[in-house]
1. When the stretch 73-105 is examined, which residues are found to be aromatic (Phe, Trp, Tyr) and surrounded by 20 or more Cβ atoms within 10 Å (Cβ to Cβ)?
2. How about the stretch 137-230: which helices (runs of 4 or more DSSP H) wholly inside it have at least 3 residues that are under 22 Å from residue 118 (Cβ atoms) and not polar (S, T, N, Q)?
3. Within the stretch 142-166, track down each residue that is among the polar types (S, T, N, Q) and open to solvent by 30 Å² or more (accessible area, probe 1.4 Å).
4. Looking at this structure, is residue 208 open to solvent by less than 30 Å² (accessible area, probe 1.4 Å) and either touching a strand residue (DSSP E or B) at 6+ places or on another chain (Cβ under 6 Å) or modelled with pLDDT under 90 (or both)?
5. Would you be able to say whether some residue in the stretch 20-30 is surrounded by 11 or more Cβ atoms within 10 Å (Cβ to Cβ) and closer than 20 Å to residue 268 by Cβ?
6. Quick check on my filter: what residues within the stretch 232-283 are farther than 24 Å from residue 44 by Cα and of a type in the set (Ser, Thr, Tyr)?
7. From the residues in the stretch 181-218 that are of a type in the set (Ser, Thr, Tyr) and closer than 20 Å to residue 100 by Cβ, which one is farthest from the chain's Cα centre (by Cα)?
8. Which one is most open to solvent (accessible area, probe 1.4 Å) among residues in the stretch 231-253 that are part of a helix (DSSP H, G or I) and small (Gly, Ala, Ser)?
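The values are calculated or read from the model by the stated rules, or taken from the named source; none is laboratory data. This is a predicted model, so every value here is computed, not measured. Counting neighbours? That spans all protein chains shown, and the Cβs are built from the backbone with ideal geometry, glycine included. Accessible surface is based on the protein model in full, side chains and every heavy atom, while ligands, DNA and RNA are left aside. Shrake-Rupley method; radii C 1.70, N 1.55, O 1.52, S 1.80 Å.
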Amino acid sequence: MLRLGRKRAEKLEFGIFTLPILISVIAVFYYPFIMTIRYSLTKWNGISKHPKFIGLDNFKQIFMGDANFTHAAWFTVKYMILYIVLINVLAILLALVLDMKLKTTNWLRAAFFIPYILSLVIVGFIWKFIFMQGFESLGQSTGWGVFALSWLGEPGLAFISVLFVSIWQSIGFYMVIYIAGLQSVPDDLKEAATVDGAGPVRRFFNVTLPLLAPSITISVFMALTNSIKVFDVILSLTGGGPGGTTYSVAYDIYRDTFQNNLYGYGTAKALILFVAVLIITIIQLTLFKRREVEA
């Protein structure tokens, strides 16, 4: 009897402590998600109290007749691939350099990490000023043609600008992950590879890189999710221009929902983005986890 009473008391105590959390999660995540599914099936301007139910018409229009969404999806895919590759390669190279015992190592780590503390919106406005006015002054003083280019006015250069600013702002975060991974590699293995005659390059690819698999999994996952949802740097740096050539899927959702008042249509796009992110991240994590086991 005492044991039963104690178990009931423990269950009651557990329920008392977890119930507020469950209510908060349901109110903040699950209820809005259910409402998102509901509004994606309606034609709604965000003001009307009675959205018009139209079934799957929003999704049909998105996949069959929305050129803006197609272009935004293609932009996002290109940005995602380049961002994932460049941010991870550069972060690994920086981590290798800053993992060395240099006198300025701590200062350099802080210098690379500080931009990550700043909001991408602020960073976007800063670099917008640099591209539009700072480069003009540099071009006049140096005479270099690269500073005279319209970095935010031409589609190709605008894409490069968005990608560059995003990498510049976030590379410190990935660098820290890889430094932590490098510091967990046993020195005994490196010394054994050196004794066997392996040079620095071979030692890196045969010893260090395989043991960085957990760090690579985390970094690629973070880079993947962040790149698919890219929005704030585009909003502050290019505003989707020139001529809508730097619209990402997230920015296209924002434009349709809050600028064109197509809340039902924009919600359908947001739901598609959610499903895409979910599927891609599950596939990525599954593949990379398998490689970790093999390594």
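1. Scanning the stretch 73-105 gives 75, 79, 83.
2. In the stretch 137-230, 155-183, 213-228 are the helices (runs of 4 or more DSSP H) which contain 3 or more residues that are under 22 Å from residue 118 (Cβ atoms) and not polar (S, T, N, Q).
3. If the condition is that a residue be among the polar types (S, T, N, Q) and open to solvent by 30 Å² or more (accessible area, probe 1.4 Å), then 142, 150 are the ones that fit.
4. Against the criterion (open to solvent by less than 30 Å² (accessible area, probe 1.4 Å) and either touching a strand residue (DSSP E or B) at 6+ places or on another chain (Cβ under 6 Å) or modelled with pLDDT under 90 (or both)), residue 208 qualifies.
5. Residues of the stretch 20-30 that are surrounded by 11 or more Cβ atoms within 10 Å (Cβ to Cβ), as a first pass: 22, 25-26, 30.
Adding the requirement that they be closer than 20 Å to residue 268 by Cβ leaves 30.
Within the stretch 20-30, one or more residues are surrounded by 11 or more Cβ atoms within 10 Å (Cβ to Cβ) and closer than 20 Å to residue 268 by Cβ.
6. Looking only at the stretch 232-283, we keep the residues that are farther than 24 Å from residue 44 by Cα, and these are 232-246, 277-283.
Hits for the stretch 232-283 are 236, 238, 245, 246, 281.
7. Looking only at the stretch 181-218, we keep the residues that are of a type in the set (Ser, Thr, Tyr), and these are 184, 194, 208, 215, 217.
Still in the running and closer than 20 Å to residue 100 by Cβ: 184, 194, 208, 215.
Details: 184: 25, 194: 37, 208: 26, 215: 16 Å.
Here the answer is 194.
8. Taking the candidates together, the pick is 250.
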